[in-house]
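Dropping the structure in here first, questions after.
Every read-out reported here was derived from the displayed coordinates using simple, explicitly stated rules and does not represent laboratory data. Note that this is a predicted model, so its numbers are computed, not measured. Please note: Cβ atoms are built from the backbone with ideal geometry, for glycine as well, and neighbour counts cover all protein chains shown.
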Amino acid sequence: MARNTDIEQILFPVELRPVYVDGSKHPTKGYKAVVGTFNNSGYLFREEQVLSIVTDNYVLIPNKVALEMAIDIHSRLFPGGTSDSFEIFNIITPSTMGSCHIDIIDKNYTLNILKQEVYVPFVRIQNSYNKTMPLRFLVGFCRSICSNGVIFDDNSISINLPHTKSHFNSFNIDNIDTKWLKKFEADFINKTNKADKITIPEKVFVPLAAKALNLQFTFDEKDTYKNALVKEKLEQFTHIMQEYTDRYVRKEKFGETAYAFFNVITDYASNYPHLQARSTHTMQNRCGNWLSEFCQRQHGRSIDWKEELRGYEQLIK
């Protein structure tokens with residue numbers, strides 16, 4: 001999937017306006033409308049769109065302001081980070097423009113793992129105008145050669161800022177420095193080293209991927225139309241998983257390991273062309289959760305695949 005780096009796309013004007021109900025001449029007390037002006041649905045001109053209705057306690061944080069905060073974080077987090085090394089890596093946003101994820105990197109900074117694998121640490125800016133998510137800054141890692149991305153979504157590696165006056169007024173990034181990034185890197189290296197040593201049989205890659213990504217393929221005996229759709233989705237998923245499995249087990253020569261499987265699911269989460277844009281962050285987050293939980297739980301003991309794949313046994317080939 002091609003990366004989107006058109007930052008101007010999401011830096012459109014946005015403001016809070018009074019809300020009027022049923023032709024009233026007086027605005028509704030306690031509420032405001034978040035209104036953006038942008039090019040939508042392929043039109044040649046910009047038009048106003050109501051993105052959400054919010055309370056008076058809501059703090060509007062334009063994407064431009066969030067980006068400026070991220071530039072500050074970049075200079076603190078990356079060793080030697082400057083405006084010249086700052087780079088927009090990828091932008092994920094739905095057509096409604098109500099939310100966005102902006103990934104930024106330092107173009108001069110990479111991370112080596114397993115002696116030969118090169119990853120690019122990135123900071124993901126998460127913001128919304130439709131109340132679906134707070135402003136957040138999360139650290140993730142992207143495999144340089146193929147753009148497979150992963151997010152570790154827990155409190156230890158994220159800065160969370162809800163759109164409320166009390167939270168925004170108390171926001172402080174003075175404690176962010178290069179030690180943060182080094183801590184995240186050490187944790188990621190530890191997890192991938194463990195994954196490289198854990199054996200996962202190729203035959204369970206498809207059902208384990210469905211479980212790790214929380215995908216359900218449930219058939220209904222009474223609904224033949226639904227069954228046809230589920231069957232088609234399952235066939236598509238199985239086909240792409242088998243394709244990714246062949247790539248990482250054999251072509252990349254990672255063998256039947258948890259690290260190969262990790263690349264299979266991050267490739268799907270980051271590059272599968274039929275995955276909706278709004279699902280990318282969720283899927284990359286699930287990849288991170290799987291790596292953290294699986295390596296911790298399986299370290300030093302054998303795996304009971306019957307128990308591990310409970311509920312997904314029908315997908316084993």
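Just flag the chymotrypsin sites (Phe, Trp or Tyr not before Pro) in segment 1-83 sitting in loop per DSSP whose Cβ has no more than 13 other Cβ atoms within 10 Å. Mind dumping the intermediate values first?
On the way: sites: Tyr20, Tyr31, Phe38, Tyr43, Phe45, Tyr58; in loops: Tyr20, Tyr43, Phe45.
Counting only loop positions with at most 13 other Cβ atoms within 10 Å, the chymotrypsin sites (Phe, Trp or Tyr not before Pro) in segment 1-83 are Tyr20, Tyr43, Phe45.
For the chain, just say rounded, prolate or oblate: build the C-alpha gyration tensor, square-root its eigenvalues into a ≥ b ≥ c, call rounded for a/c under 1.5, and beyond that prolate if a/b exceeds b/c, oblate if not.
Note, shape of the chain comes out oblate.
So what is the calculated 222 nm ellipticity per residue for the chain, using -39500 (n - 2.57) for each DSSP H run with n of 4 or more, over all residues, to the nearest 500 deg cm²/dmol? Intermediate results must be reported in sequence, preceding the final value.
On the way: 8 runs with 111 residues, N = 317.
The helix-only estimate for the chain comes to -11500 deg cm²/dmol at 222 nm.
Here is a further query. On a straight-distance basis, which lysines could pair with Lys183 in a cross-link, Cα separation under 26 angstrom, same-chain partners fewer than 8 positions away excluded?
Reachable lysines: Lys107, Lys115, Lys191, Lys194, Lys197.
Here is a follow-up. Can you pull a Stokes-Einstein diffusion coefficient for segment 7-55 at 20 °C (1.002 mPa s), Rh from Kirkwood over Cα pairs, as a whole number of µm²/s? Mind showing how you got there, number by number?
On the way: Rh = 12.1 Å.
Translational D for this selection: 177 µm²/s.
Moving to a separate point now. Dipole of the chain (Lys/Arg Cβ +1, Asp/Glu Cβ -1, origin at the Cα centre): which of Leu51, Ala258, Ser83 lies farthest to the positive side?
Ala258
Now for a different question. Expressed in nm to one decimal, what extension gain is obtained for the pair Lys183 and Val21 from 0.36 nm per residue of sequence separation less their Cα-Cα distance? If you can, show how the numbers build up before the last one.
Numbers: separation 162, 0.36 × 162 = 58.32 nm, distance 5.14 nm.
Here the answer is 53.2 nm.
Which of the GluC sites (Glu not before Pro) found in segment 173-258 are in a DSSP loop and have at most 15 neighbouring Cβ atoms, other than their own, within 10 Å?
Numbers: sites: Glu185, Glu202, Glu221, Glu232, Glu235, Glu243, Glu252, Glu256; in loops: Glu221, Glu252, Glu256.
Sites meeting the loop and neighbour criteria: Glu221, Glu252.
How would you classify segment 86-127 from its alpha-carbon gyration tensor, with a ≥ b ≥ c the square roots of the eigenvalues: rounded for a/c under 1.5, else prolate if a/b is greater than b/c, otherwise oblate? Walk me through the numbers on the way to the answer.
Details: a/c = 3.85, a/b = 2.59, b/c = 1.48.
Since a/c reaches 1.5 and a/b is larger than b/c, the shape of segment 86-127 is classed as prolate.
Considering only the other residues whose Cβ falls under 13 Å of the Cβ of Asp196, what net charge follows from Lys and Arg at +1 and Asp and Glu at -1?
Residues close to Asp196 contribute a combined charge of +2.
Near Asp246, within a Cβ-to-Cβ distance under 10 Å, what is the net charge of the other residues, with Lys and Arg +1 and Asp and Glu -1?
On the way: positive: Arg247, Arg250, Lys251; negative: Glu202, Glu243, Glu252.
For residues surrounding Asp246, the net value is 0.
To continue, here is another question. Have a look at Ile104, Ile113, Ile88 and tell me which one the Gaussian network model of the chain (Cα, springs below 10 Å) gives the largest fluctuation.
Ile113
What's the center-to-center distance, using Cα atoms, between segment 235-281 and segment 198-231 in Å?
Using only Cα atoms, the two centres lie 15 Å from each other.
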